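Reviewing the structure listed below.
Read-outs: derived from the displayed coordinates by stated rules, not from any lab. Quick caveat: nothing in here was measured; it's all calculated off a predicted structure. Cβ coordinates were reconstructed from backbone atoms using ideal geometry, including for glycine residues, and neighbour counts include every protein chain displayed.
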Amino acid sequence: MISGGYTGKILRVNLTDKSYREEKLSEEVAKNYLGGAGFGLKYLFTEVPGGTGALDEGNKLIFAPGPLTGTKAPCASRVAVAAKSPLTGGAGVALSGGFFPAELKFAGYDILIIEGKSVEPVYVYINGTNVSFRSAKHLWGMKTSDCQRVIKDELHDQNIRIACIGPAGEKLSYMAAIINERHAAGRKGLGAVMGSKNLKAIAVRGNAEIAIADEKAFSEARRRMLQAMKESPVVYPEFSKHGTPMTVDVTGGLGIFPAANWSRTGEWIPFEALGIEGNNKRKSGREFCYGCPVGCSQNKLVREGEYAGYLSIPEFETIYSFGGETGVDNLDSVIAADYLCDELGLDSISTGVAIGFAMELFERGILTEKDTDGMELKFGNHRAMVEMVKKIAFRQGFGDVLADGTRIAAARIGKDSEKYCMHIKGLEMPGYDVRGAKAHGLSFATAYTGADHNRGYAFQEIFGVPVPYPVDRFAIEGKGKLTKWNQDMRAATCDSPLMCAFLLDMAVPGFAAENTADLVSSATGLKFTPEEVYQIGERINNLARVFNIREGLRRKDDTLPERLMTEPLKGGNSKGQYIPKNDLDQMLDEYYAERGWNKEGIPTRRKLESLGLNECIDTLEKIGGLKID
């Protein structure tokens, strides 16, 4: 019986007829999917029919915090946002932190399901159990910070927490993000889904307390986790001090910090300009999410020069996308580009990668100044890069060509430009050149969201953590087994309870499933073993796989960009490494076998039955030509 952690309620909001209703969260769903991404995928699979267009009225936008969100568990103010992705056509899940996730729980809800489409721009105000629909005509066109400021003034409450879209989401850019304060549910184009519904913002205010089923056991589980964080040689001495930009130095040292659209990885490594040294010179305080003692978000202020006055929180991935990917070593311009992405509502990873892609095409003569609105769009041109962010958000000129991601841009440009696209399943690549980290590459290839570092981060290869065992990052043997473990463990211990994924890597890797089981069991009153927690991750990944198969994705989509399979790295500490197609096929065969899927990557009946996913069996049986036995 649920007696804490969860609020026990689902809020269903219909924008078409401006109605809403509350539903009860079933104990079965809680036990099988935990929360967050698990809840989002479960309702997405059940309620969005196969073949629904990502921007169709029938797609749903689902916000789901977890059973630990809003409690005293550290680093747990997270929310998963789920919808069918415009970029990939498959299951889209993005995570975000800050204060909005906790506020949604305080308002009384474990899940918020947005349905339908408003005729005119609207925002939804959730004040505890009171829900109202308000015109957003006056907000349409506003930047995200202005939108949040105006809504708070309008509702006479500065403590309201708001998730909103910017101009990019309004103009349905497939790279559009959902922003709360300066935290982004950034990837998979979910801001476009929100914009397609004419929904500018969701404003939330709550004052409920989250009950804890067993306070004594919860305090002990929390104490153990905090102790592990304190004893970690990385969490406070390094991560809290430097934030994610420290990963520039780590990946650069490994020779896998991508450069110039992945054409110069290992040859150009701008440690001083883009790494810890350059970031610390611009550090101006830090920000904490609700209930987080770490404060990894580092404010960076440009104090002089043409970008003076810009302040943002550029994470590692943003420094990669607007720095390494574009060949730009001007950190001030990266800070400016990051600020613009937050204000205009763009995913900084996809946006930077799209610009880097265009830069390579320009240097190869596939694009000219006639195509790029007169800009010399070459690697290293930071002014053109910053200008392109604006053009993409507003779909101006050449920005309109790039606004829906590199896969669609290549189709629009033609001229064999697809070979220079750095995407998987339509989602642009994150900042790890996986030619030098093979399990990381297999996870990118197989993650249900496309090229996504958050779905199965191989911290064993990147940080040398020997959990569950030490690995050789260049080897391909055993990477199928490791990738399954990473993906299932991350889904179960980070994406669903919800907790910050960095803690899995840096503080509790050796007892992650046990840590989650202890915290969630004591918070909710439901009993979870570490084995059951891990199986939840496996259930989530299998459910997402069947969703994607239903939408037409197959083994051929579990691949890597051509460059990574044909061009060895030319310099750095991963020199000579690449992932030939036969190596990828070998890793895929092992991965599928470890998962209990057939050679085509289709989950077998036996595997689905063992996970209680009978609805997935029914779905696969309706698709002609599939073998699931």
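Annotations
- Mean separation of Cα contacts under 8 Å (6+ apart) over length of the chain, as relative contact order %: 16
- Amide N of region 524-564 lying under 19 Å from the label point, which is placed 7 angstrom from the Cα of LEU626 along Cα→Cβ: 538-559
- Here region 9-205 is assigned +1 on the Cβ of each Lys and Arg and -1 on the Cβ of each Asp and Glu. Its dipole about the Cα centre then comes out at about 320 debye.
- Residues with amide H under 5 Å from that of LEU427, placed H, sequence gap 5 or more: ALA451
- In this label model, GLU231 and LYS570 are separated by 4.8 nm, measuring between points 7 Å along each Cα→Cβ vector.
- Per residue Cα convex hull volume in Å³ - calculated over region 124-233: 156
- Positive contributions from Lys and Arg (+1) and negative ones from Asp and Glu (-1), summed over other residues with Cβ under 10 Å from the Cβ of PRO568, come out at +2.
- Prolate/oblate/rounded call for region 315-401, Cα gyration tensor, a/c under 1.5 rounded: oblate
- Sparse packing (at most 11 other Cβ atoms within 10 Å of the Cβ) combined with a DSSP loop state is found for the following GluC sites (Glu not before Pro) in region 235-337: GLU304.
- Estimated from the Cβ-Cβ distance and a Förster radius of 41 angstrom, the FRET efficiency linking SER219 and ASN127 is about 0.85.
- Of the trypsin sites (Lys or Arg not before Pro) found in region 7-101, not one falls in a DSSP loop while having at most 10 other beta-carbon atoms within 10 Å.
- Cβ charges +1 (Lys, Arg) and -1 (Asp, Glu), total dipole of the chain, debye: 560
- Convex hull volume per residue in cubic angstrom - Cα atoms of the chain: 134
- Computed from the C-beta positions of ASP472 and GLU238 and an R0 of 22 Å, the FRET efficiency is 0.35 to the nearest 0.05.
- Shape call, region 20-161: gyration tensor on alpha carbons, a/c limit 1.5: oblate
- Efficiency of FRET between ASP416 and GLU369 - r from beta-carbon atoms, R0 25 angstrom, step 0.05: 0.75
- Region 449-604: translational diffusion in µm²/s, Stokes-Einstein, Kirkwood Rh over Cα pairs, 20 °C, 1.002 mPa s: 127
- Length gained on full extension, ASP585 to ASP153, computed as 0.36 nm times the residue gap minus the Cα-Cα distance: 149.9 nm.
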